[in-house]
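Heads up: the structure comes next, in structure tokens.
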Amino acid sequence: MSIITDKLKKIQDDVNNACVRAGRNRKNVKIIIVTKTATLPAIQEVLRHGFADLGENRVQHLKQVSDEVGAFLKENHGKEAVPSKVHWHMIGHLQRNKVKQTLQICETIHSVDTLRLAEEINTQAHKLGIHANVLLQVNCSGEPQKYGAPVGAAIHLAEQFDTMPNIRLTGLMTMAPLTMDKNRVRASFARARELFEEIHGERIAGSKFKHLSMGMSQDFEIAIEEGATLLRIGSAIFS
Ligand SMILES: *Cc1c(COP(=O)(O)O)cnc(C)c1O
């Protein structure tokens, strides 16, 4: 077995076990493979195992990799478990002048943390004749992180996003604080979960509001225990 295959198997096992421990249905936890540090052969191997959700954090790299992935999917249609198409996720900070390019590739943007960015996504999605899936990124770590709306602003922002006709607000995204302290990591995921339930409880964005994007290579098991539905995993597979 190759190293990538081994690592994918280990992640799957760890995700399955965390779901069992937390009493969660495995079907409600999706792994997004973050390709930002991966080589093309490594990505191709991931695709051969049937993974169909990929994430990138920079538009420039997204464009290049998505072209390469597109060519591979075409050539390998129907082979092994290769999916017929990939769902791309933008997970990194997004500048407004890159929104159009991003929407031409990505179905979901996880990193929407200001009204101005949401407005631009709505405008460009309208021009493209699409509905953009958007997650509101929230800073739940209690430390001054560069990106993510403050917890106190989240409900109002969610209400505003929900008024935009070409945006589908499908959930929240958060990043744990950069720390080895598992209690602080857990506390920030728990805060995101509370906020998620609050927005859900107020029926903002209705039944399409169902995702909690949290958990990376170092902390996805805690994230699963705290209710994550979308994991963003890169280095545990590619390094
Ligand atoms: C790089 C990145 C990830 C993946 O992190 P790993 O530690 O490599 O698993 C997840 N989310 C965001 C926003 C990232 O930039």
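The values are calculated or read from the model by the stated rules, or taken from the named source; none is laboratory data. Fair warning: this is a prediction, and the values are worked out from it, not measured in the lab. In this analysis, Cβ positions are derived from the backbone assuming ideal geometry, glycine residues included, and neighbour counts consider all displayed protein chains. What goes into the accessible areas is simple: the full protein's heavy atoms, side chains included, and nothing from ligands, DNA or RNA. Shrake-Rupley method; radii C 1.70, N 1.55, O 1.52, S 1.80 Å.
Roughly how big is the range 3-238's charge dipole about its Cα centre, with Cβ charges of +1 (Lys, Arg) and -1 (Asp, Glu), in debye to the nearest 20?
Result for the range 3-238 is approximately 320 debye, rounded to the nearest 20.
Run the numbers for GLU75 and LEU115: contour at 0.36 nm per residue of separation, minus the present Cα-Cα distance, in nm.
Numbers: separation 40, 0.36 × 40 = 14.40 nm, distance 4.07 nm.
Using 0.36 nm per residue and subtracting the Cα-Cα distance, I get 10.3 nm.
Return the loop-located trypsin sites (Lys or Arg not before Pro) in the range 156-235 (DSSP other than H, G, I, E, B) with at most 11 other Cβ atoms within 10 Å of their own Cβ; answer none if there are none.
When the trypsin sites (Lys or Arg not before Pro) of the range 156-235 are filtered for loop state and at most 11 Cβ neighbours within 10 Å, ARG203 remain.
Tell me the label-point distance for the pair ALA236, GLN218, using the 7 Å Cα-to-Cβ offset, in nm and rounded to one decimal.
Computed distance between label sites ALA236 and GLN218 equals 1.4 nm.
Any chance you could run the full-extension gain for GLN101 through GLU198? It's 0.36 nm times the residue separation minus the Cα-Cα distance, nm to one decimal.
31.6 nm
Count charges around ALA192 for me, please; just the other residues with Cβ under 15 Å from its Cβ, Lys/Arg as +1, Asp/Glu as -1.
Numbers: positive: ARG184, ARG186, ARG191, ARG193, LYS210, ARG232; negative: ASP113, GLU143, GLU194, GLU197, GLU198, ASP219, GLU225, GLU226.
Residues close to ALA192 contribute a combined charge of -2.
Among THR37, ASN76, ASN25, flag the residue with its Cα farthest along the positive direction of the charge dipole of the range 3-238, charges on Cβ as +1 for Lys/Arg and -1 for Asp/Glu.
Among THR37, ASN76, ASN25, the one farthest towards the positive end of the dipole of the range 3-238 is ASN76.
Would you mind giving the average projected area, over all directions, of the Cα convex hull of the chain in nm² with one decimal?
Values: hull surface 51.1 nm².
In nm², the orientation-averaged hull projection of the chain is 12.8.
Would you mind getting me the FRET efficiency between THR179 and LEU40? Use the beta-carbon distance for r and R0 = 45 Å, nearest 0.05.
Once the sixth-power term is evaluated, E becomes 0.85.
To the nearest 0.05, how large is the calculated FRET efficiency for THR5 and ILE130 if R₀ is 30 Å and r is the Cβ-Cβ distance? Show your work: numbers first, answer last.
Numbers: r = 35 Å, r/R0 = 1.17.
Working from the Cβ atoms, E equals 0.30.
Heavy-atom accessible area per residue, the chain, 1.4 Å probe: how many Å²?
Result: 49 Å² per residue.
State the extension gain, in nm to one decimal, for the chain segment bounded by LYS208 and TYR147, taking 0.36 nm per residue of separation less the distance between their alpha-carbons.
Value of the extension gain: 19.5 nm.
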